[in-house]
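Working notes for the structure below.
Read-outs throughout are calculated quantities, based only on the coordinates presented, and are distinct from any laboratory measurement. From a predicted model like this one, the values you see are computed outputs, not experimental measurements. A quick note on method: Cβ atoms are made from the backbone with ideal geometry, for glycine too, and the neighbour counts reach across all protein chains shown.
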Amino acid sequence: MNHASQLALLRSMLRIRRTEEAIADRYAEQEMRCPMHLCIGQEAIAVGVCAALSKGDVVFSNHRAHGHYLAKGGNLNAMVAELYGHSTGCCGGRGGSMHLIDLDAGFLGSTPIVGGTVPLAVGAAWASSLKQSGQVTVVFFGDGCFEEGVIHESMNFAKLHKLPVIFVCENNNFSVYTRLNERQPERPLYRVAEAHGLAAYAGDGNDVEEVLTISRTAVGLARQGQGPQFIELHAYRWREHCGPNFDDELNYRTAQEIKAGMNNCPVAGYTRKLEKENGNIHLEIERYETEIRQEIAAAFDFALSSGEPGVDDAQGKVYA
Amino acid sequence: MQRPDITFAEAIREGLDQAMEKDARVIVIGEGVPDPKAIFNTTAGLRDKYGNRRVFDMPLSENGMTGICIGAALSGLRPVMVHQRVDFALLAMDQLINNAAKWHYMFDGKASVPLVVRMIVGRGWGQGPQHSQSLQAMFAQAPGIKVIMPTTAYDAKGMMISAIEDNNPVLFIEHRWLHQIKDNVPEEYYRVPLGQAKVLHEGDAVTVAAFSYMAVEALIAAKALKSAMGIGIDVLDMRSVRPLDVASVLNSVRKTGRLIVADTAPRTGSIAGELISQVAEQAFDALKTHPVRIACPDYPAPTSHFMTRHYYPGPQTIADEVLKMIGADKTPANYRELCALVLHDGPHDAPNRGFTGPF
């Protein structure tokens, strides 16, 4: 991989990290009045997968969607405005953090009902298959979603029709505060997908290049008509399930575990790797930090200065 | 001596605890039940006390787990399932409606499903289209299922115990904004019968039949109307959606001649509409004017707090409707007093000024 592409991956992760941190910092102002699930610590998955996609490919996501949306090219201004419930938001304020959409970027929607968008992705892939459009569809979901019946129904149908869909499982080991081993028997998730006949991969979700390499293989095969692909990526959720804070005081995970999770930081880890391979990159990073800080500040300015919707805006569009 | 008041959430916890203590067949299962937040503390300590063979977390498999609980109920257990948001229970509609609701009937009464499913209705802080639905009418449309919505802490405990003892599937729908409200709850094990409305306030002018959190709002309106204008209204806390206590509403309407039904759900197809139909069928002669539904508008609750500002009806809506219905003489002075008495304390998307979540 060339140096410029590597730096682009780093920058993209950094941009998501700083956006999430800016949201966390401002959440206490109580002006973003909606539930907020931050993806800090899980940026490499969004970035690595989306880097393997073409502009015309499409993505569906879940409650923890900010990273997926941004990595796919979703409009930052429209996202931040949406968090504030303003009419310039990507859903005009109707959705908030848990419901993002940017059709221009190929981000077809995210919803918080677990598993809700998985069959939609299969449907989108079905349509592209019938239309022979060459489009690939990705759906992001968590390890909790793997317990929903609908995902198995979706994999079955996707395999039956050899649909160009990539199932991306972000395994962060927690469903809210409940560990995977309290919810599922001990076996790799991707092996279950294999049993459905899918080509399945597992990788380190903290390693953006590994994510990208696996995703390129999967996307390539899907685009060639080789059918659905399943990627399980391990990652760690740094902060609380829902909200801007750390939640160490709840004691559902040990301090050592949190420390180990944060030591695997995808951004810091990749920075170290690039420095080892290419020498000092702190000038580039400084530039990215400045650009990103300005972009985020502009997005918040945009959001805060844009229109507050009225009650009338809540009506209408119930039917097409 | 009467102990200090406890919250609706604590009352649920106590009801579950005492039912589990009394009957080893009772099990509690749900996503988050034993976790540090314990479903807004309604299940706190149960795992420690009764162990992990009776208190479980659950995979995110709503339909499958509901079927598994139905199977367990058919086989002698008394499961209580919990959904932190009612919206997730929609994934289990097949098992609830096709199996739980029908089993007793279609097998000629040879088996029954003693299952309780708790479902929490969200509101405020941008819960939005998929985390704040009020689906009671949808569930109640299925014969064979009971749907209850207690409002007070006293009823939350007593109806929880009755629901667990009931041999039918009972959907126990809790409005999240009720969880923090306190009232007097006896320490002992007691039952509150399912399917009976309760009179919260008495008066002759209008009957207000209210469901769940709307009963809290109706009571505020009733007290303000009385105090500011001397207008007395009946407020019935319906407590149950199916069976629906039409008889109590008829009794009141025969006295007042006027009916307002206040519901937490969107208007069209609401249980408010069903209650009005039944009153119109059975006591049309007693009505001095057409009944009125007070409900949410016919569009989903948006996330933006700017857009929800007037989404939910409240005590002001109820008071205004009462005044309109009776053609009350209101003066600027007494109307101002009324409005001050029903004014919401704090941001409109929180139950009160002091409430900081979780929502």
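Scan the stretch B:269-311 for residues that are touching a His at 6+ places or on another chain (Cβ under 8 Å) and either under 25 Å from B:Phe139 (Cβ atoms) or surrounded by 18 or more Cβ atoms within 10 Å (Cβ to Cβ) (or both) and the total you get is 5.
The criterion of being in contact with a strand residue (DSSP E or B) (Cβ under 6 Å, 6 or more places away or on another chain) and either surrounded by 23 or more Cβ atoms within 10 Å (Cβ to Cβ) or away from every other protein chain (no Cβ under 11 Å) (or both) holds for A:Ala124. From the residues in the stretch A:269-307 that are part of a loop (DSSP other than H, G, I, E, B) and of a type in the set (S, T, N, Q), which one is surrounded by the most Cβ atoms within 10 Å (Cβ to Cβ)? Within the stretch A:269-307, the match that is surrounded by the most Cβ atoms within 10 Å (Cβ to Cβ) is A:Ser306.
Consider B:Ile260 carefully, then state whether it is over 21 Å from B:Asp320 (Cα atoms), among the hydrophobic types (A, V, I, L, M, F, W, C), buried (at least 23 other Cβ atoms within 10 Å of the Cβ) and touching a strand residue (DSSP E or B) at 6+ places or on another chain (Cβ under 9 Å). Working first, answer last.
Numbers: over 21 Å from B:Asp320 (Cα atoms): no; among the hydrophobic types (A, V, I, L, M, F, W, C): yes; buried (at least 23 other Cβ atoms within 10 Å of the Cβ): yes; touching a strand residue (DSSP E or B) at 6+ places or on another chain (Cβ under 9 Å): yes.
No: the conditions fail for B:Ile260.
Limited to the stretch A:102-115, what total is found for residues that are closer than 21 Å to B:Trp125 by Cβ and either more than 12 Å from every other protein chain (Cβ to nearest Cβ) or of a type in the set (Gly, Ala, Ser) (or both)?
Step one: list which residues in the stretch A:102-115 are closer than 21 Å to B:Trp125 by Cβ, which gives A:110-114.
Now restrict to residues that are either more than 12 Å from every other protein chain (Cβ to nearest Cβ) or of a type in the set (Gly, Ala, Ser) (or both): A:110.
Going through the stretch A:102-115 one residue at a time, the tally reaches 1.
Looking at the stretch A:9-30, which of the residues that are free of Cβ contacts under 8 Å to residues at least 60 places away in the same chain and surrounded by 14 or more Cβ atoms within 10 Å (Cβ to Cβ) is farthest from the chain's Cα centre (by Cα)? In this case the residue turns out to be A:Glu21. The residues of the stretch B:340-354 that are buried (at least 17 other Cβ atoms within 10 Å of the Cβ) and either at positive phi or within 12 Å of chain A (Cβ to nearest Cβ) (or both), listed by number, are B:Asp349, B:Ala350.
Tell me which residues, restricted to the stretch A:150-196, are within 11 Å of chain B (Cβ to nearest Cβ), touching a His at 6+ places or on another chain (Cβ under 9 Å) and hydrophobic (A, V, I, L, M, F, W, C). Listed by number, the residues that qualify are A:Phe174, A:Val176. Considering the stretch A:308-320, the residues that are surrounded by 13 or more Cβ atoms within 10 Å (Cβ to Cβ), within 23 Å of A:Met79 (Cβ to Cβ) and out of contact with any Gly (no Cβ under 7 Å at 6 or more places or on another chain) include one that is farthest from the other protein chains (Cβ to nearest Cβ), namely A:Gly310. Listed by position, the helices (runs of 4 or more DSSP H) contained in the stretch B:49-121 that have at least 2 residues being in contact with a strand residue (DSSP E or B) (Cβ under 8 Å, 6 or more places away or on another chain), within 11 Å of another protein chain (Cβ to nearest Cβ) and closer than 20 Å to A:Phe146 by Cβ are B:62-74.
Out of the stretch A:51-75, which residues are of a type outside the set (Gly, Ala, Ser) and either part of a loop (DSSP other than H, G, I, E, B) or more than 25 Å from A:Thr88 (Cα to Cα) (or both)?
Residues of the stretch A:51-75 that are of a type outside the set (Gly, Ala, Ser), as a first pass: A:53, A:55, A:57-60, A:62-64, A:66, A:68-70, A:72, A:75.
Of everything in the stretch A:51-75, those that are of a type outside the set (Gly, Ala, Ser) and either part of a loop (DSSP other than H, G, I, E, B) or more than 25 Å from A:Thr88 (Cα to Cα) (or both) turn out to be A:Leu53, A:Lys55, A:Asp57, A:Asn62, A:His63, A:Arg64, A:Lys72, A:Asn75.
Quick one: count up the residues across the stretch B:285-327 that are within 14 Å of chain A (Cβ to nearest Cβ), in contact with a strand residue (DSSP E or B) (Cβ under 9 Å, 6 or more places away or on another chain) and charged (D, E, K, R). So the count comes out to 1.
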